[in-house]
Amino acid sequence: CSSDLENRYTDWHNYWPHQTLRNLWKLAQYVDPIRLRMEFLNSERNGNLYPGDPLAPGHYRPACLFATVMFASPLAWFENSGLSSDYVSEAAPLIRTWKVHRERMYQGPVIPIGAAPDGVTWTGFASFTDGGREGYVLVFRELNPQAVWSSALGMFRLKHYRFHLLGGKGSAKYADGMFSFEVPDSLGFAWFRIEGSE
């Protein structure tokens, strides 16, 4: 059973992607995220309602908007006919990849990682199966000046991990129990499938 969580619209000047991400991140500590139907919008509409706002929807790439809700049950809250070809061409490849991986991604627990989204931090989600032998990690670099973020991610405890970038831009490393993620652009993301070995 899924539940709609919120109705936010750029028309009403009450949609900020980092706030939607924050709601999902906080609720994921208590509710299986797949049970939450979370919305992403057409960020090309109503830009005039967010003058000078560095976290306005228009500053986010369409793929990143989808990524903010893809660990939940995403809901496209817009008329498809109103999307530009640029929006579709950027979001569609990530959505196709997500459809291939979503069943496996949802097989294990989904854990919020990093700090609670506030527009300027590093944050994200991890899911893992087989005792941490494999899983997925999604990291967001919000308006943060640091291009690299490191964390232990205690659900993954093997000696070696390989990373496969599935969406966004970035790279990842693992050494001495610490994961290090690089996302070159602020308000960007990187989504990895990871495979571990002893």
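The values are calculated or read from the model by the stated rules, or taken from the named source; none is laboratory data. Everything numeric here is computed off the predicted structure, so don't read it as measured data. Positions of Cβ are generated from backbone atoms using ideal geometry, with glycine treated the same way; all protein chains shown enter the neighbour counts. The area values use the complete protein model at the heavy-atom level, side chains included, leaving out ligands, DNA and RNA. Shrake-Rupley method; radii C 1.70, N 1.55, O 1.52, S 1.80 Å.
Quick notes on this structure:
- Subset tally (residues that are open to solvent by less than 10 Å² (accessible area, probe 1.4 Å) and outside any strand (DSSP E or B)) for segment 169-194: 1
- Residue check for Asp176: acidic (Asp, Glu) and modelled with pLDDT of 95 or more: no
- Test for Pro74: is it of a type outside the set (Lys, Arg), under 24 Å from Pro184 (Cβ atoms) and touching a residue at least 24 places away in the same chain (Cβ under 8 Å): no
- Test: Arg162 is touching a Ser or Thr at 6+ places or on another chain (Cβ under 9 Å) and either open to solvent by 30 Å² or more (accessible area, probe 1.4 Å) or in a loop (DSSP other than H, G, I, E, B) (or both): yes
- Residues in segment 3-39 that are in a strand (DSSP E or B) and modelled with pLDDT under 85 were compared, and the one that is surrounded by the fewest Cβ atoms within 10 Å (Cβ to Cβ) is Ser3.
- Taking every residue in segment 25-46 that is without any contact (Cβ under 8 Å) to a residue 60 or more places away in the chain and aromatic (Phe, Trp, Tyr) and pairing it with any residue that is assigned to a helix (DSSP H, G or I) and open to solvent by less than 10 Å² (accessible area, probe 1.4 Å), at least 6 positions away or on another chain, the pairs with Cβ-Cβ distances below 8 Å are Phe40/Pro17; Phe40/Thr20; Phe40/Leu65; Phe40/Phe66.
- Looking only at residues in segment 109-134 that are at positive phi, crowded, with 16+ Cβ neighbours inside 10 Å and touching a strand residue (DSSP E or B) at 6+ places or on another chain (Cβ under 9 Å), the one that is modelled with the lowest pLDDT is Gly132.
- For segment 55-112, a residue qualifies if it is among the acidic types (Asp, Glu), under 25 Å from Gly132 (Cα atoms) and touching a helix residue (DSSP H, G or I) at 6+ places or on another chain (Cβ under 6 Å), but none of them does.
- Of all residues in segment 150-172, exactly one satisfies the criterion of being of a type in the set (S, T, N, Q) and either modelled with pLDDT under 95 or closer than 20 Å to Gly131 by Cβ (or both), namely Ser151.
- If you go through segment 14-56 and keep only what is over 19 Å from Phe125 (Cβ atoms) and of a type in the set (S, T, N, Q), you end up with Asn14, Asn42, Ser43, Asn46, Asn48.
- Scanning segment 112-143 for residues that are part of a loop (DSSP other than H, G, I, E, B) and more than 18 Å from Trp25 (Cα to Cα) returns a single hit, Arg133.
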